[in-house]
Amino acid sequence: MLACQLKGLTDFFDVSIVKPYPKGDDKGWPGWRFPKTDNEYPGATVDKLFGSEYLHEVHFKADKEYKGRYSVPALWDTKTNTMVNNESAELLRSLQTSFNHELPPEFANVTLYPEHLRTKIDEVTEWMQRDLNTGVYKAGFALDQETYDKNVIPVFGALNKLEKMVSQNGGPYVLGKELTELDVRLYATLIRFDTVYVQHFKCNLGTIRHDYPVLNNWLKNLYWNVKGFKETTNFKHIKENYTKSHADINPHAITPVGPFPDIEEGVEQDISKLKVGSVKMPEVLEYESKL
Ligand SMILES: N[C@@H](CCC(=O)N[C@@H](CS)C(=O)NCC(=O)O)C(=O)O
């Protein structure tokens, strides 16, 4: 949804939004649900295409033998009447070009994967995805102490490295002056970090707001100042999805009220004024040095 906003594609997509909970078992069954009316849960909508109760019904419409997860996001093409893709990284990439012939120049010329930054984007994506974007899940869904201990370290190694990177590139974006895929992918994880991952996934060696002044400033700038970010962020959906749909992690499904505020205000435009932060735990520093 964020990529659609940034590329000026909102008129091309009609969006239906599932309720954040209840979800599925460990196999994902029955999975995401649509509300019965648009008033049932704020920000969630009925399935505008088929009126389905569950997202899995839409997958089976595309393929009766479908065996994958019923995950979001999922893109449906009304012309060929099938699901195009349900992998966010691939969607993010393909939306940069697939509708350019229909877009006015100010949007056709926007790209989050510019040619001169591709090598760098690919290099950072590799460890950022492994250690941070999916790293929080590897720590959070660990079923024993050893697995958790091993997986929480890389999360903060990657954050330490990104904090330095944004500072060195001078901001306001990860690679400097240009907004890229890296910002979109990092935003999806950091907007959830203090709110959910610190407590629900036990990623609590530090927080963005306390230990990473540069990343916190980067995050606040996107949320408050760059059109599309705030508009596609819903803290109630974010919080309730995790805390009310993982019964093994949070059996009473109580959603913590904090942190307050969800995101801080006040953006420093001059990144060089910010002191670079880090989590100084020896294991984290050692991991960071290998990235
Ligand atoms: N590779 C997919 C994974 C998406 C994904 O796992 N989405 C989660 C929500 S953030 C989901 O729908 N989980 C339900 C399930 O896997 O059953 C992507 O990034 O698009």
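List of remarks:
- Of all residues making up the range 184-211, the number that are over 27 Å from ARG93 (Cβ atoms) and aliphatic (A, V, I, L, M): 2
- Subset of the range 9-40 that is closer than 21 Å to THR255 by Cβ and of a type in the set (D, E, K, R) - its residue that is nearest to the ligand (Cβ to nearest atom): LYS23
- The residue that is nearest to ILE17 (Cα to Cα), counting only those in the range 75-94 that are away from the ligand (no atom under 14 Å from the Cβ) and not acidic (Asp, Glu), is TRP76.
- Single residue of ASN204, ASN216, ASN160 found to be polar (S, T, N, Q), modelled with pLDDT of 95 or more, surrounded by 22 or more Cβ atoms within 10 Å (Cβ to Cβ) and closer than 30 Å to ALA253 by Cα: ASN216
- Residue satisfying condition, being assigned by TED's automatic domain parsing to the domain that holds GLU163, under 28 Å from GLY157 (Cβ atoms), basic (Lys, Arg) and assigned to a loop (DSSP other than H, G, I, E, B), within set LYS275, LYS239: LYS275
- Of note, THR147 does not satisfy the criterion of being of a type in the set (Ser, Thr, Tyr) and under 16 Å from the mean Cα position of the chain (by Cα).
- Scanning the range 23-37 for residues that are surrounded by 13 or more Cβ atoms within 10 Å (Cβ to Cβ) and modelled with pLDDT of 95 or more, we see that the one that is farthest from PHE141 (Cα to Cα) is PRO35.
- Selected residue (criterion: surrounded by the fewest Cβ atoms within 10 Å (Cβ to Cβ)) from residues of the range 4-16 that are out of contact with any helix residue (DSSP H, G or I) (no Cβ under 7 Å at 6 or more places or on another chain) and either over 17 Å from PRO73 (Cα atoms) or free of Cβ contacts under 8 Å to residues at least 60 places away in the same chain (or both): ASP11
- Identity of the residue in the range 41-70, loosely packed, with under 14 Cβ neighbours inside 10 Å and of a type in the set (Gly, Ala, Ser), that ends up farthest from the ligand (Cβ to nearest atom): GLY51
- Which listed residue is in contact with a Lys or Arg (Cβ under 9 Å, 6 or more places away or on another chain), part of a loop (DSSP other than H, G, I, E, B) and not assigned by TED's automatic domain parsing to the domain that holds PRO20, from ASN204, ASN216, ASN250: ASN250
- Look at the range 20-39: where a residue is outside the structural domain of PRO251 (by TED's automatic domain parsing) and a partner is within 12 Å of the ligand (Cβ to nearest atom) and of a type in the set (Val, Ile, Thr), sitting 6+ places away or on another chain with Cβ atoms under 6 Å, you get TRP32/VAL18; PHE34/VAL18.
- Of the residues making up the range 97-130, those that are more than 16 Å from the ligand (Cβ to nearest atom) and touching a residue at least 24 places away in the same chain (Cβ under 8 Å) number 14.
The values are calculated or read from the model by the stated rules, or taken from the named source; none is laboratory data. Please read these numbers as outputs of a predicted model, since none were measured by experiment. Positions of Cβ are generated from backbone atoms using ideal geometry, with glycine treated the same way; all protein chains shown enter the neighbour counts.
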